[in-house]
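Heads up, the thing below is written out as structure tokens.
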Amino acid sequence: MEKDLLNIQEDTHKKLKAVKTSQELTALYLSVFGKSGRFAQTAKRIQEIPKDKKKTIGLLVNKVKQTIDDSFDKRKKELMETSIKNKIDVTIPAITPPLGHLHITTLAISEIAKIFERIGFTRVRYPEIDREWYAFESLNMPVNHPARDDFETFFIDAPPFGKLGRLVLSPHTSSGQVREMERMRGIPPIRMINIAKCYRPNWDISHTPMFHQFEGLVIDRGINVTHLKGTFEYFAREFFGPKRKIRLRPFHFQFTEPSFEVDITCDMCGGNGCRLCKEGWLELGGSGMVHPNVLAAGKIDPTLYTGYAFGWGIERTYMMKAGIQIDDLRILYANDIRFLEQF
Amino acid sequence: MNIRIPHSWLTEYIETDAKPQEIKDYLSLCGPSVERISKEGNEFVYDIEITSNRVDSASVYGIAREAAAILPRFGKKAILRPLPKGIMQNQNVSLPLSIKDPQKLCDRLLAVVLDGIVVSKSSEKITQRLKYSGIRSLNNVVDITNYIMLELGHPCHVFDYDRIKTHTLILRFAKNGETLTTLDGKVCTLTDVDVVIDDGTGQIIDLPGIMGTENSVVTEKTKRVIFFIESNNPSNIRRTSMRLSLRTYAATLNEKRPDPELAKVALEYGATLLDKETSAKLASTLIDIYPHPSKPHPINISESFIASRLGIAVSLKEIIAILQSLHFNVEVNNGKNLTVIPPSFRQFDVTIPEDIVEEVARIYGYHNLPGKLMEGKIPLPEAQKSVNFDLEEKAKTMLKFLGFTETYSYSFISKTLLEKAGLNISDHLRIANPLTEDTEYMRRSVFPSLFSLYGKNMHARENVSLFELANVYTRTHGTQLPSESLYLTLISSLSFRAFKGVLSALLEELGLSDLEVSIRSMQPFFHPHQSGQFVTKNPKENIAFFGTIHPNIAQSFLIPESLQIAEIYFETVVKLSHPTKSYNPIPMYPSIVENITVLKSGDLLFELGSILKDVSSIDAIIKDVTLLDMYNEQSLTFQIVYQHESKNLSSKDVLPIRNKIIRLLESKYQMHFKS
């Protein structure tokens, strides 16, 4: 037994030298002192030792245990000192997980949608290819209205269908106005935000034949111009920040009366006038009080209910945010990865 | 349209102490938008946007009239001077002139002959003013017509009386294929919806309201003219001028329907000016064909109606003052109801009570209205079926974090691209009026766009993974709208396994956890032996196709044959998604994990999917089986996780199961166990 104990001691010493990590150290410790470890098993045998030798062996057991313990402590300290000295150059280039990019239009849409959802607007989606009735007639734009010309709207090569007319690529999200009134069965209140692709036959530095609009429609009893103004002030504050100011200018749209153009102070020049803006103001988009003919088209009684509506370009609005000046809008849908990766 | 007006011309009609900058700011807030002021020499020139309903303000006088109503609201003096009165003196001579409009193509026709013209250069004042307004000076006669148009807002025209031998003007529709040569030498081919003037011999001598013709226009030799003003049908003007690309100043005014009452004012004033500038004298009776003189309709409105639309109360006194400042005739009934008659120059634009609200509101000033949010009930409508914006955003965001970049490509597809992708052109919705070849068809698949984009971008980056979430468009039968379906389409340079992993993780996160993969998809664009399909188990519905691109397609688009592609049907995802997770108690007893390596013998075809499924179903204590490693497609290492729900497992429990696994692999799949 003496020999066994000393063997364990020597053996453990050897093994300790080879230990490189604290996990290995723990494992070795358990293999020696654990319940079924070598030392524990050997020490058990003291029962079998004759009485006269028991004391000597007992002392040896304690001594060996002490010695091994000490060497464990020593090795532990050594390991700690080594690991504390281990250096990593923290300026080494990182290995990043693959990271893609969302399109700037998606970023704009989700930011805008959230702002309106916070004040009770419900987001909806309506057909991109719709009938003339929804795109024009129901919006108080009669057959000879200029917006219905071939050079303002794309038409699908298909036969017309009764009073609903031809198929068009919706030139604005306003086509969803009467669709939403129908969905609500002509019963206000309505607070809709409709964000969708729109199409118009223009293709130049500031136009793409496909673009996106967000359309707001609010209908209830007692809705008036101050609500429209309050909503835009809220939106401008949330989206552009508290420093930018808005103004309403009289304008003309067939489906609203009164109609307004909404302007916001230019961020580049702080409203003093520069190359980008019109004397300090940038046009956000059109809006107005829903025309009674439009309410009637949606089976809502214009003598009981009033409403306001607006339809603005997603791309245009996002470009007016600080920091994003894109000279040529066509780059948005050219999908050059060197552009896409910037967002 | 935009018009340009020099400050000195404007102040001929309005006496004001407002500075140009103030005029710009105040007009923009309450009336026509002054977009810019430019300084040209000693002159300030306003650049003003005119909306299509306000042709009455598209002139020097029209802006002066607006300014007279608006500037006093800002504490500025503004007194409108009266319109110039023309003098039509009785003439001694009476040259023959006949004007006929049998089809009633014009609301009003006015004409007079003037004699004794001396064609020369215009005075410096007129030349300068035209120049500031963006019109080039030609000669004193033509310049006068433009000058009147700018000053009053009604286009007018002069013919050389002697070049029209018949002295007759007949309005008629053109015949299909008939041609005319404009005064600037452009030959136009007409159709039967274009209105022309015929001299009675079948010869066209004018394209009224748009542009004169070469054969009747004033020349240096002209001695006598027909001074002619007509009120055209605005939609005819627009249609013809757009189709023939003759977007003249006159056409852009005439398509907005100027006031027919103004036509006469313009004629009388013009005749006077022609006398002054060209020494012309009246030489015929005045012809004025005006079968239905305009009569603005009265509109009834109340104080409370205006308040309900504006959100604030404006006093009756102020309402009346505002409307009168805009030349509306106002009558008060019972102390609070108004009967309002618009002036003739607003008769087509102001027709309903809401129009009156707009007039009161803009002059009162939108900047004087408070802003507040809606107070009523928040509507909580049912969500639209098959639309889930949150799930869309989740899918996009997740793909971004899995290394994919989002594209937005046009919904259009060209014939060239359709052919390149081997698609049938006749299946596609066609645009009747495409802008270019690129916008001729509506796409039924996003793949062709992504194949092109991959090709475009693969030289810029070594690895490219793209996705797009967009509608595709399919013809439907009968009168239904074409169907629009939302597809999530992907293309990637990842390996097959890595790409499949992206899709599995994505679909699971979108709430589709229990999907099966079925093997063969004979989908176009996909490699027939390297593609599959994600299907839900119950009910069996197709969620996505995925796999390697078809080598023919890869070749056709010059992109790598190893590319992985997928098409996920997002509406089905939305329909079957169960995003809510369910809770299972955490296991009480530890699991035993072991690896089993086997060698495949020969070339026997097998599917890993079915091996894993078979192994998993051997015993209930097998909680998980995964393919840990595959070497040379010969040596396969499976990792098996054993776990019991109600006890600690020992090696004695596991051994028989393990032997069953090995036996299965050896007997059914002819594999050798590697101990």
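The values are calculated or read from the model by the stated rules, or taken from the named source; none is laboratory data. Just so it is clear, the structure is predicted and the values come from calculations on it, not from any experiment. Glycine gets a Cβ as well: all are built from the backbone with ideal geometry, and neighbour counts include every protein chain shown. Calculation scope for accessible area: heavy atoms of the full protein, side chains included, ligands and nucleic acids excluded. Shrake-Rupley method; radii C 1.70, N 1.55, O 1.52, S 1.80 Å.
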Potential extension, A:Asp89-A:Gln342 segment - 0.36 nm per residue separation minus Cα distance: 88.2 nm
Selected from A:Cys274, A:Ala296, A:Ile331, residue furthest toward positive end of dipole (the stretch A:263-343; charges at beta carbon): A:Ala296
Degrees between helix B:389-401 axis and first principal axis of chain B (Cα, 0 to 90, nearest 10): 60 degrees
Sequence of B:Thr166, A:Thr317, A:Thr265 when ordered by accessible area, the most exposed leading, probe 1.4 angstrom: B:Thr166, A:Thr265, A:Thr317
Per-bin percent of Cα-Cα distances, the stretch B:456-605 [10 Å]: 9, 29, 31, 21, 8, 2, 0
Whole-number Å³ per residue for the convex hull built on Cα positions in chain B: 256 Å³
Cα-based shape type of the stretch B:379-483, given that a ≥ b ≥ c are square roots of the gyration tensor eigenvalues and the cut on a/c is 1.5: oblate
Stretch gain in nm, segment B:Lys674-B:Thr285, where the contour uses 0.36 nm per residue and the Cα spacing is subtracted: 128.3 nm
³J(HN,Hα), Karplus 6.51/-1.76/1.60, whole Hz, each residue of the stretch A:173-178, x for Gly, Pro: 6, 4, 4, x, 4, 6
In sequence order, calculated HN-Hα J values of the stretch B:442-452 (Karplus, 6.51, -1.76, 1.60; Hz; x Gly/Pro): 9, 6, 9, 8, 8, 3, x, 4, 5, 4, 4
Distance (nanometres) between label positions extended 7 Å along Cα→Cβ at B:Glu607 and B:Glu571: 2.9 nm
Dipole of the protein assembly as shown, positive direction: furthest Cα of A:Gln9, B:Val332, B:Ala498, with charges on the beta-carbon: A:Gln9
Whole-Å semi-axes of the ellipsoid equivalent to the stretch A:237-343 (Cα gyration tensor, √5λ, descending): 32, 19, 11
Percent of beta bridges antiparallel (DSSP, chain A, rounded to nearest 5): 95 percent
C-alpha long axis of helix B:140-152 to longest principal axis of chain B, angle in °: 70 degrees
Per-residue SASA entry for A:Tyr134, accessible area with 1.4 Å probe, Å² rounded to 10: 20 Å²
For chain A, Kirkwood radius (reciprocal of mean inverse C-alpha pair distance, Å): 26.3 Å
Pairs of Lys in the stretch B:592-673 closer than 17 Å at Cα, counting only those 8 or more apart or on different chains: 8
Computed FRET value (nearest 0.05) for B:Val517 with A:Lys77, which takes r as the C-beta separation and R₀ as 60 Å: 0.60
Kirkwood Rh and Cα Rg combined as Rg/Rh, the stretch A:294-343: 1.31
The protein assembly as shown: radius of gyration over Cα atoms, expressed as a fraction of 2.2 N^0.38 Å: 1.35
Lys/Arg +1, Asp/Glu -1 at C-beta; the stretch B:389-576 dipole; positive extreme among B:Met442, B:Leu423, B:Val472: B:Leu423
Overall dimensions of the stretch B:98-289 as given by Cα atoms, namely Rg and Dmax in Å: 15.3, 44
Stretch gain in nm, segment B:Ser8-B:Lys131, where the contour uses 0.36 nm per residue and the Cα spacing is subtracted: 42.9 nm
Cysteines (scope chain A) whose Cβ has no counterpart Cys Cβ under 4.7 Å: A:Cys198
Total charge dipole magnitude, the stretch B:592-673, about the Cα centre, Cβ charges on Lys, Arg, Asp, Glu only, Debye to nearest 20: 280 debye
Listed residue pairs exceeding 24 Å between alpha carbons, taken from B:Lys400/B:Lys456; A:Lys197/B:Lys400; A:Lys17/A:Lys77; A:Lys114/B:Lys540: A:Lys114/B:Lys540
Dipole in debye (nearest 20) - the stretch B:98-289, about Cα centre, beta carbon charges: Lys, Arg +1; Asp, Glu -1: 320 debye
The stretch B:381-457-the stretch A:92-159 distance, computed between alpha-carbon centres (Å): 14 Å
In Å², nearest 10: area of A:Leu102 left accessible to a 1.4 Å probe: 20 Å²
Column: log10 I(q)/I(0), Debye, Cα scatterers of the stretch B:249-397, q = 0.16, 0.18, 0.20, 0.21 Å⁻¹: -0.97, -1.08, -1.20, -1.27
